[in-house]
1. Counting other beta carbons within 10 Å of each Cβ, put Trp136, Trp402, Trp270 in order, fewest first.
2. Shape of region 223-394 from its Cα gyration tensor (a ≥ b ≥ c, root eigenvalues): rounded if a/c is under 1.5, otherwise prolate when a/b > b/c, or oblate?
3. Expressed as a whole number of Å, what is the distance separating the alpha-carbon centroids of region 320-379 and region 85-164?
4. Can you tell me how region 8-93 classifies by the Cα gyration tensor, rounded, prolate or oblate, using a/c under 1.5 as the rounded cut?
5. Could you work out the relative contact order of the chain, using alpha carbon pairs under 8 angstrom and six or more residues apart, expressed as a whole percent?
6. By what distance, in whole Å, do the Cα atoms of region 105-204 stretch along each of the three principal axes, largest value first?
7. I need the phi-derived Karplus couplings for region 338-348: 6.51 cos²θ - 1.76 cosθ + 1.60, θ = phi - 60°, integer Hz, Gly and Pro marked x.
8. In sequence order, what are the phi-derived ³J(HN,Hα) couplings for region 371-380 according to the Karplus relation 6.51 cos²θ - 1.76 cosθ + 1.60 with θ = phi - 60°, rounded to whole Hz, with x for glycine and proline?
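Bear in mind these aren't lab numbers, they're just calculated from the coordinates by the rules spelled out. Just so it is clear, the structure is predicted and the values come from calculations on it, not from any experiment. Counting neighbours? That spans all protein chains shown, and the Cβs are built from the backbone with ideal geometry, glycine included.
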Amino acid sequence: MSDPKTEPSQAQPDVIVIRYRAELERLNYVRETINLYLRSIRRLFRLMEERGVTLGELTPDLATDLVLQAPRCGDRRQYVLFTVRRFVKFLAAQGLAKPPPLPTPADLARAALRRDYEEYLRSQRGVAERTILDCWRFADHFLDFRFGDADVEVGRIVPEDIAAFLRRPGAEDRPGRDKTHPSHLRSFCQYLFRKGLTPSNLALCIPKVSHRHGARLPRHLAPDQVEAVLAAVRSGPKRGRRNHAMVLLLARLGLRAPEVVAIQLGDIDWRAGELVVRGKGQRHDRVPIPPDVGKAIAEYIRYDRVSASRALFVTARAPHGPFKNGTELNAILKTAFARSGVTPPRPYVGSHVLRHSLATELVRKGASLAEVGDMLRHRSRASTLIYAKVDIEGLRSIAQGWPSPGGAP
């Protein structure tokens, strides 16, 4: 008998569905989700039979066209499109569907440029993997803007191209304040010049964005407000243990959101009571684990965590993989503020508010700025100086008397 894995034309739909069900179960999808996937797949098989499409001809784009042409997709059309495209990729990996087209020379050149740029950021700049991804995505957008479908010739880039790209409609959500786009583009131009791909350093023509964050007080919460937010997170109806452990790491250790989601199971030394923090610039620091933080993490691992991933904190949806970034913590805090009735110090709720709150409380309890900097793992003491503004007693001790008539203070 022919092996259906090697004979696409003879593979039976029922056999394929059984195989795909096993794959979804391996990825820890729940029964209800698996049934939704399989209903979409059986519908796709019926459409293929009606149109006379064989497995060997099937591609993600063809599957999308079949679904869009079919009536009665309803409000779930986007979900159906997602499931069938994912299923077709599974078939291609199994050798049952048409493989993806071979990359063109232009695609290969773009891929080579990406690999070299990412290696430059990783080895010479010490940039985190998440930032590397953001840098390339922005550089890729710039290359599409400049060259379109034509071959990429970075030596032809001129300052006018950069100015037009930064001024394009919708380039910035907050014009004049968002420094991310110019910073990423400046980094890409520096790479091109250092590699000899451009005759001049185009990074010099990209102006820096003024960002005077040091001119204001750190936005923070009072200790009782922090505890109210933590209680609201812990009592959440969904994923309370996981969310509570994540937010405790922000509030007790002053971790950044990306540092929380980057924690691996092997980073916890339970015997020593220490945690390895994967910080900025690929720095790894060992910090002590407070008892309440250790208890929260242990309860989450024991009762809620289900995943084959080595990441400590994983998504609640199958396949329970690691978080892509730390934005999930912002959403958790936004919900907690609403549940607790605590008014955040600014309309946008960011996870850094707990880091600021910890530092502010340490200063008010008498900790030196050097101790606060060590707690927050600052590379530069200049980053810690913003908390000197909240040390009212310390500032009062060095304040000069107000001059009065006659010159006497």
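1. Arranged by neighbour count, lowest to highest, Trp136, Trp402, Trp270 become Trp402, Trp270, Trp136.
2. In terms of gyration-tensor shape, oblate.
3. What the calculation gives is 34 Å, centre to centre.
4. Numbers: a/c = 1.78, a/b = 1.12, b/c = 1.59.
It comes out oblate by the Cα gyration axes.
5. Numbers: 429 pairs, mean separation 53.9, N = 409.
Relative contact order of the chain: 13 percent.
6. The principal-axis extents, from largest down, are 33, 31, 24 Å.
7. Listing the rounded values in order: 5, 6, 7, x, 7, 7, x, x, 8, x, 7 Hz.
8. 5, 5, x, 5, 5, 8, 6, 6, 6, 10
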